[in-house]
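The values are calculated or read from the model by the stated rules, or taken from the named source; none is laboratory data. Just so it is clear, the structure is predicted and the values come from calculations on it, not from any experiment. Every residue, glycine among them, receives a Cβ derived from its backbone with ideal geometry; neighbour counts consider all protein chains shown. The accessibility values were calculated without ligands, DNA or RNA, using every heavy atom of the protein model including side chains. Shrake-Rupley method; radii C 1.70, N 1.55, O 1.52, S 1.80 Å.
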Amino acid sequence: MKDRWEARTQMPLLVLAVAFGVAYAVPIVAPDAAPWVHRLCNRVEWAVWAAFALDYLVRLALAPARWAFVRSHPLDLLSVLLPLVQPLRLLRVVSTLLLVGRRARMAPQITLTTYVAGAVVGLMMFGSLAVLHVERDAPEGNIKTLGDAVWWSFTTMTTVGYGDHAPTTGLGRILAVGLMLSGIALLGVVTANIAAWFISRFDRDDAVERRQTELLEALTREVRELRAEVARLSAPAGAAADGPTLPAVPAPHVPRDPRDPAAPPVSATPPAPTAPTAPRA
């Protein structure tokens, strides 16, 4: 039942997360918008947070062991309780981001690369908006536009820190610390993912080469066995075709004329008698 609930609510919650991002960005990007726009965005933010809180309560109710579920999902519980401690807009942002990230990791169709890419983009966007919201009205702040905020978020996440833009308020510096730590963690995940891709690619190539080598060795063995079988089958057939081998018969001894050694040997067999010749008339 719990798995079915999570599968059915996965896409609606992601849509609500996008709506929350739009509702959070509009009042910051367009501070001069009509009052009803600000009120609508505020209500959308609370509605999205309430939807994620309801999702947590339903999953808690459907869990077979509720206390084990609470202990294994501490960030979810913290995300639900944060906005109730003090109704700050930033706390709603943090809690909603944590809940969205938790549900995104549970989605089977979202791969690690997609999750990391979405986390980088979302963290940079919300970090830029949050620091712009905090630092724009600061007396000594130097982050006044959305471009400055995006540039600062990028340099902070990549731990470069040029120093041309920096938060001056206490809340802005807290955001900077969180963005630095999150950027280091995400960069570590990206680096590990790239290294794992190269290793898997090399292992796959090595496996192909090993398989080809094994096939060649098997083919060589088969050829060797076939040659031995052909030689074994052809040996008896050749011997039978030549017939049995007879012993050699020594030539008879023919005596020579003792008076003339150079004379040809005298045949031991007497010459055949010739027929008498008839007398001529």
Potential lengthening between V230 and L216 on full extension [0.36 nm per residue; Cα-Cα distance subtracted]
2.9 nm
Under a 1.4 angstrom probe, counting protein chains only, how are E6, E135 ranked by accessible area, largest first?
E6, E135
For V26 and A185 in the same chain, what is the full-extension length gain: residue separation times 0.36 nm, less their Cα-Cα distance, in nm?
54.4 nm
Given R₀ = 25 Å, FRET efficiency for R8-V121 by Cβ-Cβ distance, to 0.05?
0.45
Modelled FRET efficiency - R0 45 Å, A19 with S200, Cβ distances, 0.05 increments:
0.75
Rank M124, M1 by accessible area, highest first, at a 1.4 Å probe radius?
M1, M124
So what does R66 come to for accessible area, using a 1.4 Å probe and Å² rounded to 10?
140 Å²
Rough spin-label spacing in nm, given labels placed 7 Å along Cα→Cβ, for Y162 and L54
4.6 nm
Just grab the label-to-label distance for F154 and W46, each label 7 Å out from Cα along the Cβ direction, in nm (one decimal).
3.7 nm
